[in-house]
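Working notes, beginning with the structure itself.
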Amino acid sequence: MAQPINKNPFDDIRIDPAGVKRSYQWYRAQISQLGNIQAKMKRALNTGGPTIVPGGLYLFQYDPKWKEVLPYYDTLPLVLPFARVDDGFLGINLHYLPYALRFKLMGALLSLVKNVKDPTSRAKVSWEILNSSSKFKGVDACVKHYLTGHVRSQFLQIPNDQWVTAAMMPLEQFQKSTKQKVFNQSVRML
C-alpha cells in the first residue's frame, strides 16, 4: 500500500522515555562538570609545568603590569607563544576572539603543527608566518606581550589533540569589560 504523498516524515518517530531520561542524565552530568571547572583549573594550574615552549598552547593565570591603564585584560589567558623576549614572551591569546573565529584560527594553526613532533620546531609558527597569511585573520587582535614576572601560576600545557576543545571552552576571565565587548573590538580590528 502506497503511503500518502503529504505524510510528515516525523509522524513515525516515537519518543522513548528511557532515551529522554538518558539525555537528561547526560545533560546534568555535563552541567555538573562545568560547575566545577574553576576548581579543576586552579588545581591544574598549580601543578602544571614551569616553562613554555614556543609553538605549544598554554593556559595560565596572569596579572598585567599596566592593568590600571589597559581598557581590558584577560587574567586566565590561553596562549600560543611564538617568540621569547628579554622580559617574557609574545603570544596569541585565543580568548580575545569570538568562538567562531577561534575555531577557524585553531584549524589553521593545527595545520602548521600537526606533523611537527619536536616542540622546538613548532616555533616555526611565528608572527611572520601568521601575519603574512590571509587564512590567519584575527591574529592581530590576539597578539599580547606577557611579562614573566607577572605570571601567577604554573603553565598548563594543552596537548595538540585538545587545542580545539580548549579554545572553545569559555575560560576567558576579562577584567574591566565584558567578553562580548572584547570580541566586538577584536572583530573591528580585522
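Every number here is computed from the coordinates shown, using simple stated rules; none is lab data. From a predicted model like this one, the values you see are computed outputs, not experimental measurements. So basically every Cβ, Gly included, is an ideal-geometry build from the backbone, and we count neighbours across all protein chains shown.
Just a few scattered comments:
- Theoretical gain in end-to-end length, D140 to Q180 [0.36 nm per residue, Cα-Cα removed]: 12.6 nm
- With a simple spin-label model that places each label point 7 Å from the Cα along the Cα-to-Cβ direction, the separation between A100 and W66 comes to 3.2 nm.
- Paramagnetic reach from A108 in the stretch 66-98 [backbone N under 20 Å; point 7 Å along Cα→Cβ]: 78-83, 90-98
- Karplus-derived HN-Hα couplings along the stretch 151-157 (A = 6.51, B = -1.76, C = 1.60, θ = phi - 60°), whole Hz, x at Gly and Pro: 6, 10, 7, 6, 8, 9, 7
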